[in-house]
Amino acid sequence: MAAPPMPDILPFPTQVEVSRSDGDTPAASFLPGLSFLPGLTPSRAKSVRTGAWMLNYAPVNSPLVAYDGTMRVETIPGGRRASGDLYQRPLKVPFPFPRPGNTIQLLPPPDPANGIPVQAISRYRYYLRVTKILENVTIANSFELGFQMFLFTPTSNGAGTWSPPATSAINCTATMTWTPAPAGYPSSSDYLEGELKQDGTNVTMGHLKMGWLSKFLRKATIEIDTVAESEQPVDSGNGHNWETVGESMGYDLKIDLSERNIPEASGERWADSEMNNAMINHRERISLDDEWHYHILAVHFIDSTPRGIMYDSGATDSNHVPREGLGISTHWIIDPDWGTVGNMRFGLAKAPHFRTAVHELGHALGLQHNTIDRGFMNTSDMIAAAGTAANPFPNNIKWSFADNDLKRLRHWPDIFIRPGGVPFGSANDFVPLLAPDDRALSLDIPDLRLTVTPLLTEVPLGAPVRVALELTNTSDKAVKIPARIDLKSTCICGVVKDPSGTQRSFRSIIGCVDAEPLTDLEPKKSVTKSLTLLRGGDGSLFPISGVSEVIVTLRWALPPTGEVGPIPEAVVQGSTTVFITGARTGAHAKAAHKMLTTPDAHLVLAFGGSHLSSGIEALGVAVEDDVLGPHWSVVNAKVLAKDGEKDYGRQLLEDRDQYVLTVDEEQKLERLLQ
């Protein structure tokens, strides 16, 4: 997705230019080291306050089109940085329509008395990259505001597209003039209006208004629910809490400590899908069109990870709303070598427990892992390993986001940040044309070749598709690659193109875990891993018969350079095709239908676990079917072995040739049977 670059720093002038214009004097926001020219006094100076400003934009000759949103202004070392978003204002359509005397009308803009506006996500239209603003103060009654507008168009996979390209962005400028604010604004003197024109022309594009709303840049609500005997992650025990975290981000965070006794779904251990369902069933009644609402559920144990996870990914997300929920474990026992908290129950170790909750919220806000410092988006295991006798974990935690992550949190488009926006990972898929620290730096690795080979070239409808991934180093030097390559790592994503041309995406089931260790792939050597595919964010990956193309992409962070800037990221891709055969019998059709419509079947495939009742039920139907049975029996054997029933698995391995399984699946089953 080619997305707009974030704004550059707009440097401060060394002195304030004197103007003899008359006008009202709004509240000034003065800056350290500011020098005034003779005749200019602070009482006459005007400035653009830091924080959030309401924007209203009305294009010319379009009486039924208007846009509302916010502009975010921050002061940073060296200057100002500003960005904004616009949403199309809804219309009031009379019903029944048409009816004599009734006309379509624009609804009123958001009420500034309600603070930073939250608007319907379906109305999102433009990202504004501010290129010119009043960086300091002036005694003039106006200043020039320049920006580039980028139109967002939703797509079926949720990632969306942007236009025009950043290389041919349209530059606009408005001469903004101070005028008294309408009723509802918190400051009557921090309000401006102006005509917006395209640079290089004298053509007016529309009328722009802006009024200051808040010292914060964005606002959100965090609801925290727990099961019985699980601790709420609310503070670090040493002065850090959600309020201080929000202040450091520039966010107005409202905390809702909600239910304390969420019923367990199927015991102490929770699958990602169970946490998602608990969120839907127990959180406050909310609309993401009215509130940026994130949900934290604290449980005893999580199947997919020891400590915490932003579980809201396509594979487990029954309501298909990205990045709104995260889970935190409380009963995991901390590794003994983790500094002063070794061997403690996680929920009782307030500092690392709270830090993990903030880390997972960062993922819900679209951020990925960041090892540039020991801040929130680094991982607990990395920070613990960096502890020393003089500064042990968790004393060595940096209680803030890295600078480049703060820039993202403050100036990424709303659609990248807000719950229900683009899927996790999509916010980083753009080329940083003007602001090079906006994202990971994708690097094609020509010395690595990824070969994708299907275990079976023909697979019956309803069976998982198994492929082998062979990663080969064709160079004369060792290359860093992920030590783990499977759906439980974070490096895999891809798409499946069915015979009709429809694309369905898939990615690692565990989107946010500890830092993935790297290993050296020696020259001219290869490593082979297997991948078993069934479902992705768009549902079943193979729902129809015919030839499907499977495209697999491996992405992983390379060792950091130590500088604040783009995180180098390796990218390797390979593909193959498989033929999905149609239903052979009525029983096969029934079993395939069950598997294709049961999301938890995918989690049983990946994690096992007999507590996922709907997935286990679908697995039982598939195993009993003559067509699908050979493809699903190894999954059933692993589930039974985890519950202590090992005879089924031993018999399967004795009759190995009658079943479909990869080498990795066979080795995993052998370990479970020991």
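Each reported figure results from applying straightforward, stated rules to the coordinates on display, with no laboratory input. Just so you know, these numbers come straight off a predicted model, no measurement behind them. Here the Cβ positions follow ideal geometry from the backbone for every residue, glycine too, while neighbour counts run over all protein chains shown.
Some notes on this structure:
- Which listed pairs, of LYS254/LYS407; LYS529/LYS638; LYS398/LYS480; LYS254/LYS350; LYS497/LYS524, have C-alpha distances above 30 Å, in listed order: LYS497/LYS524
- Positive minus negative residues near ASP486 (Lys, Arg vs Asp, Glu; Cβ under 9 Å): +2
- The residue among GLY246, LEU612, THR371 whose Cα reaches farthest toward the positive pole of the charge dipole of the chain, with charges on the beta-carbon of Lys, Arg, Asp and Glu, is GLY246.
- Each Lys or Arg adds one and each Asp or Glu subtracts one; over the other residues with Cβ under 9 Å from the Cβ of SER258, this totals -3.
- Panel order for THR581, THR75, by other beta carbons found within 10 Å of each beta carbon, from fewest to most: THR581, THR75.
- Mean residue ellipticity (222 nm) of the chain, computed from DSSP H runs ≥ 4 via -39,500 (n - 2.57), nearest 500: -5000 deg cm²/dmol
- A simple charge model with +1 on the Cβ of Lys and Arg, -1 on the Cβ of Asp and Glu and nothing else charged puts the dipole of the chain at about 1420 debye relative to its Cα centre.
- For segment 218-428, a/c is not less than 1.5, where a ≥ b ≥ c are the root eigenvalues of the C-alpha gyration tensor, and a/b does not top b/c. That puts it in the oblate class.
- Alpha carbon Rg of segment 204-307, scaled by the compact-globule rule 2.2 N^0.38 Å: 1.37
- Most positive-pole-ward Cα, GLY339, VAL572, PHE143, against dipole of the chain from beta carbon charges: PHE143
- Contour minus Cα-Cα distance for ILE170 and ASP199 (0.36 nm per residue): 9.6 nm
- Between helix 613-624 and the chain: long-axis angle, C-alpha atoms, 0 to 90°, nearest 10: 40 degrees
- Exposure proxy ranking, count of Cβ atoms within 10 Å, fewest first, for VAL604, VAL623: VAL623, VAL604
- Counting only aspartates and glutamates at least 8 places from LYS525 when in the same chain, those with an alpha carbon closer than 12 Å to its own are ASP447, GLU470, ASP476.
- Translational diffusion coefficient (Stokes-Einstein; Kirkwood radius from C-alpha pairs) of the chain at 4 °C, 1.567 mPa s, in µm²/s: 47 µm²/s
- Going from the fewest other Cβ atoms within 10 Å to the most, the residues GLU264, GLU223 appear in the order GLU264, GLU223.
- Modelled FRET efficiency - R0 56 Å, LYS398 with TYR648, Cβ distances, 0.05 increments: 0.65
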